[in-house]
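Taken together, the values in this text are just the output of simple stated rules run on the coordinates, not laboratory data. Because the structure is a prediction, the values reported are computed rather than measured. All Cβ positions, glycine included, derive from the backbone under ideal geometry; neighbour counts span all protein chains shown.
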Amino acid sequence: MKQLDCILRLSNKFARLPGVGAKTAQRYAYSVIDMTPEEVEEFCAALRDVKTQVRYCDECGNFTDKETCEICARREKNVICVVAYPKDVLALERVSGYKGVYHVLHGTLSPLEGRGPDSLRIKELLARLNGVEEVILATSTDVEGEATAMYLARLLKPMGVKVSRIAQGISMGSELEYADEITLLKALEARTEL
């Protein structure tokens, strides 16, 4: 039996999401069929709200629904922790040990994928350095994260700001969002100057 076109279209949309394979996408589509009309409307409204209400913080580039995110609005700005993605901010915030602000690059350097320095929010980081005492580089420990950290360290050190890297304790090739709170806290506490 051939699958209905509308189910196939919905499955294909779900399959475009990161980490969702064809079988999972199909299960999601079937779950939508089982929803009540009210649940489908709530689901659609949630998608619309995320798309229309979420924006980037004017200062750090994190997700917010205001011009400036809650973190930038209430914290001291003398220490900036640089991360690749907004999900990394959430991971680091879980440890409750960091009191500075963040800077979200929205990616890492990857020449193979066509992401060079101009593709990231590096110029915006440089514009924020006035009065900054330390920049903590907290990109993932995969090849692209390490390359991004080294590039930024070489760029920032001549500017007279202390540049440190989160300590190794997060396994190579892993993503920050999957690290537990203790590992993240120890990595932040044991960071080293580059």
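Quick rundown of the values:
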| item | result |
| --- | --- |
| Calculated FRET efficiency for the pair residue 143/residue 15, C-beta based, R₀ 22 Å, to 0.05 | 0.25 |
| Tilt relative to the chain, helix 37-53 - C-alpha long axis, 0 to 90 degrees, to 10 | 30 degrees |
| Angle between the chain longest axis and helix 5-15 axis [Cα atoms, degrees, rounded to 10] | 20 degrees |
| FRET E, pair residue 162, residue 50, Förster distance 41 Å, beta-carbon r, rounded to 0.05 | 0.65 |
| R0 of 35 Å, Cβ-Cβ distance residue 178-residue 2: FRET efficiency to nearest 0.05 | 0.35 |
| Lysines whose Cα lies under 28 Å from that of residue 157, excluding same-chain neighbours fewer than 8 positions away | 77, 87, 99, 123, 186 |
| Farthest toward positive dipole pole in the chain [+1 Lys/Arg, -1 Asp/Glu at C-beta], among 28, 125, 83 | 125 |
| The chain, helix-only ellipticity at 222 nm - DSSP H runs n ≥ 4, -39,500 (n - 2.57), divided by all residues, nearest 500 | -12500 deg cm²/dmol |
| Separation of alpha-carbon centers, segment 7-22 and segment 173-194, rounded to whole Å | 32 Å |
| Over the chain, relative contact order from alpha-carbon pairs under 8 Å, at least 6 apart, % | 16 percent |
| Eligible lysines near residue 66 by straight Cα distance, threshold 16 Å, same-chain separation 8 or greater | 51 |
| Where labels lie 7 Å past Cα in the beta-carbon direction, separation of residue 43 and residue 99 in nm | 4.6 nm |
| Cross-link reach list, aspartates and glutamates versus residue 162, counting only Cα pairs under 19 Å and skipping chain neighbours closer than eight places | 76, 124, 133, 134, 146, 189, 193 |
| Euclidean distance between Cα centres, segment 123-164 to segment 35-69, Å | 30 Å |
| On Cα atoms only, tilt of 22-34 relative to the major axis of the chain in degrees | 60 degrees |
